[in-house]
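The values are calculated or read from the model by the stated rules, or taken from the named source; none is laboratory data. Bear in mind that the values here come from a model prediction, so they are computed numbers and not experimental data. Here Cβ is always computed from backbone atoms with ideal geometry, including for glycine, and neighbour counts include all displayed protein chains. Note: areas computed on protein heavy atoms with side chains; ligands, DNA, RNA excluded. Shrake-Rupley method; radii C 1.70, N 1.55, O 1.52, S 1.80 Å.
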Amino acid sequence: MPSLPSLRGPRAPPLPLLLLCLLAPVRRSSEDGRTPAASFTSLPVREEMMAKYSNLSLESHNISLTEHSNMPVEKNITLERPSNIELTCQFMTSGDLNSVNVTWKKGDELLENNYLINATGSILYTQYMFTIVNSEQMGSYSCFFEEKKEQRGTFNFKVPELHEKKKPLITYVGDSVVLMCKCQDCFPLNWTWYRSNGSVQVPVGVPMNNKYVINGKNANETRLKIMQLSEEDQGSYWCHAIFQLGESEEHIELVVLSYWVPLKAFLGIAVEVVLLVAIILLFEMYTQKKKKHSDDGKEFEQIEQLKSDDSNGIENNAPRHRKNESVGQ
């Protein structure tokens, strides 16, 4: 276990005590095969670095871990311009702090210098200070506390994200459309537009028969106006923002429809309505015809019944006449 110098830098002790402090961690590290994670020799490097970039702003961030943490802890940090960075991790444990091994990494690369370790009660602190001045220094920085199991805290540095509408933008042939990208609370150095042509991004904005116009009301936004749209203008458009520490981009999906598209839908609905009305009319005609045939059949039966009744009446009256004639005689 490396020695635990103060986060703010050690005070110079008397010479005999200083020798004991220097020899003790070296002996303990040689016994367990570990190299001290931080030493007093790293402090001048930190001071020189901070003096060189004293004009830059300071970004301070921290992460808290415990021996019972089940998952690594991550913190996302948005950085637009060069800055001095101060990262602090604290680890709380009920065990012996001297048995905890502390390391720092950038990605998978082990960081050897410029971090300090300090202990207060049952909490172990480690602090890493550095300066980010270019895109290569962006990325993930992690602190590791290795006791019975390893605990990790990670700081993810990235440039600001762009904001735009996630849904496709739908318009029609012959119209004009404005595509917009915006960066919230940030100011890119430059904006550019691209259009996807398969797997290739083609720059957009070169004057071409007044087809494209690029402008923006504010420095944190850009607008691409496309005029006299055709179906060939349909596709993915990318807005690209350039910062001092990297680049960021987003895409907008443009859908260009012909006026026949909504007309086809309307005609389809109209045809369905006409067919439905025709089916209803045919059904009504069939029902009326069937009802008429049924009524004609009933009328015919009634007529036949009446004829039958009349014939029966005549036959019944004939014997009566003959009987009356015989009585008269």
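Odds and ends about this structure:
- Candidate set: segment 179-212, residues that are more than 30 Å from Pro82 (Cα to Cα) and charged (D, E, K, R); chosen: the one surrounded by the fewest Cβ atoms within 10 Å (Cβ to Cβ): Lys211
- Listed here are the strands (runs of 3 or more DSSP E) enclosed by segment 175-256 that have at least 2 residues being without any contact (Cβ under 8 Å) to a residue 12 or more places away in the chain and farther than 25 Å from Glu136 by Cα: 200-204.
- Within the set Tyr115, Tyr141, the sole residue that is modelled with pLDDT under 90 and not basic (Lys, Arg) turns out to be Tyr115.
- Checked against the criteria, Ser122 counts as outside the structural domain of Leu245 (by the TED database), farther than 26 Å from Lys52 by Cα, free of Cβ contacts under 8 Å to residues at least 40 places away in the same chain and among the polar types (S, T, N, Q).
- Gln90 being in a strand (DSSP E or B) and crowded, with 21+ Cβ neighbours inside 10 Å: no
- Meets criteria (more than 24 Å from the chain's Cα centre (by Cα) and either free of Cβ contacts under 8 Å to residues at least 60 places away in the same chain or over 26 Å from Glu74 (Cα atoms) (or both)) for Glu146: yes
- Boolean, Ser142 is open to solvent by less than 30 Å² (accessible area, probe 1.4 Å), within 22 Å of Asp185 (Cβ to Cβ) and hydroxyl-bearing (Ser, Thr, Tyr): no
- Looking across segment 95-116 at every residue that is among the aliphatic types (A, V, I, L, M) and either over 38 Å from the mean Cα position of the chain (by Cα) or not in a strand (DSSP E or B) (or both), the one that is nearest to Cys143 (Cα to Cα) is identified as Val100.
- Some residue of segment 64-83 being in contact with a helix residue (DSSP H, G or I) (Cβ under 8 Å, 6 or more places away or on another chain) and either among the β-branched types (Val, Ile, Thr) or open to solvent by less than 20 Å² (accessible area, probe 1.4 Å) (or both): no
- Residue satisfying all of: in segment 213-229; of a type in the set (D, E, K, R) and open to solvent by 20 Å² or more (accessible area, probe 1.4 Å); nearest to His251 (Cα to Cα) among these: Arg223
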